[in-house]
Amino acid sequence: MDADGGRRVTITAIAREAGVSVPTVSRVLNGRSDVAPGTRERVEELLRHHGYRRRVTRAVRSPGLLDLVFNDLDSPWAVEIIRGVEDVGHGAGLGTVVSAIHRQPTAARQWLQNLRARATDGVIFVTSHVDPPLYAQLRRLNVPVVVVDPAGVPATDVPTIGATNWAGGLAATEHLLSLGHRRIGFVAGPTHLLCSRARLDGYRAGLEAAGVPMDDRLICPGDFYHASGFAAGTALLDLDAAPTAIFAASDQMAFGVYEAIRQRGLRVPDDVSVVGFDDLPEARWASPPLTTVRQPLVEMGRLAARTVLRLAQGEGIDSPRVELATELVVRDSTATPPAEAHT
């Protein structure tokens, strides 16, 4: 029974009234130190008001959890995001549950069912679209949500973490233009991702600012993975007027472009310059080392984790939309174009 003589209040009800997650209320009850003073005071006041009493037989709750959800896990940049989230989670005494839902409704439903069975401090979606029904269910569970590199425009109350993708696309294109390239191929990422569209827009803006006419034949679709980079590189090199430089919207696709160039008996950068995007650890060890746009993947993971934990504790955030700066890293895969374009 609560203080007003009604039914016994639950931790979930306390969390909802306090505007925090269930694990945060549990940490207050367990005397944990990793709760903001203002949040602790608000929760304790509600516990007193409702006359909440812990059941003596209740087992001590296991350490808190962060849920990290990808569409796919078979990419090196996913590992970088995981590193950042785990850095923050470990420091806060939290475990990390990593899931892949593969854009399948059945997998998403199974994931949500599993989530209900465990107390999570928050959910971080990566390159995902959080559709309204799923978000509504998470809200009912009082689970805070953050999205890294969203697919589509997220709800206004869903915080997002990303990078300055447009600026990165512009910087890569301007670098190639400064070397004298005018026919610059572009291997795009998935069109449903905002980050992909921003990189393409940056490429277009760079060409327009330089007065270089757009040639849509120089833009090939890709999916951020090696095979699509190889296919796009092959298609670009098949053009009658092939590009002297290719900008791929991910490092993995850039490595696929490398392979396409080599299979033609051509060399990077003597015959074709190549730029990637991400600055994965492999970029510096490629042959030749890859010029690329660095996006701070590990820090994006850290910031997403810090943000979702602040929300879990009922704290406000400075901005719902955060973009971390990208940086052009010039290595050995770019040079001036050959005197005569290859055939």
Original post:
Between the DSSP loop rule and a limit of at most 15 other Cβ atoms within 10 Å, which GluC sites (Glu not before Pro) in region 225-322 are left?
Top reply: GLU315
Original post:
Rounded to the nearest 0.05, what FRET efficiency is calculated for MET214 and GLU282 with R0 set to 45 Å and r the Cβ-Cβ distance?
Top reply: 0.90
Original post:
Can you give the % of DSSP beta bridges in the chain that are antiparallel, to the nearest 5?
Top reply: 10 percent
**OP:** Check each of the trypsin sites (Lys or Arg not before Pro) in region 77-157 and keep only those in coil by DSSP with at most 13 other C-beta atoms within 10 angstrom; list them in order.
**Re:** ARG103, ARG118
Subject >> Total charge dipole magnitude, region 11-50, about the Cα centre, Cβ charges on Lys, Arg, Asp, Glu only, Debye to nearest 20 >> reply: 80 debye
Original post:
Mean residue ellipticity at 222 nm from the helices of the chain, using -39,500 (n - 2.57) per DSSP H segment of n ≥ 4 over the full residue count, to the nearest 500 deg cm²/dmol?
Top reply: -12500 deg cm²/dmol
Original post:
Which one, (i) 24.2, 88; (ii) 19.8, 59; (iii) 18.6, 55, gives Rg and Dmax of the Cα atoms in Å as derived from the coordinates shown?
Top reply: (i)
**OP:** May I ask for the Kirkwood hydrodynamic radius of region 164-212, worked out over all distinct Cα pairs and given in angstroms to one decimal?
**Re:** 10.6 Å
Original post:
What's the FRET efficiency of LEU112 with ASP332 using the Cβ-Cβ distance as r and R₀ = 41 Å, to the nearest 0.05?
Top reply: 0.30
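Read the figures in this text as sums done on the coordinates, not as results from a lab. This structure is a prediction, so every number in the text was calculated from the model and none was measured. When we count neighbours, we look across all protein chains shown, and the Cβ atoms used for this are built from the backbone with ideal geometry, even at glycine.
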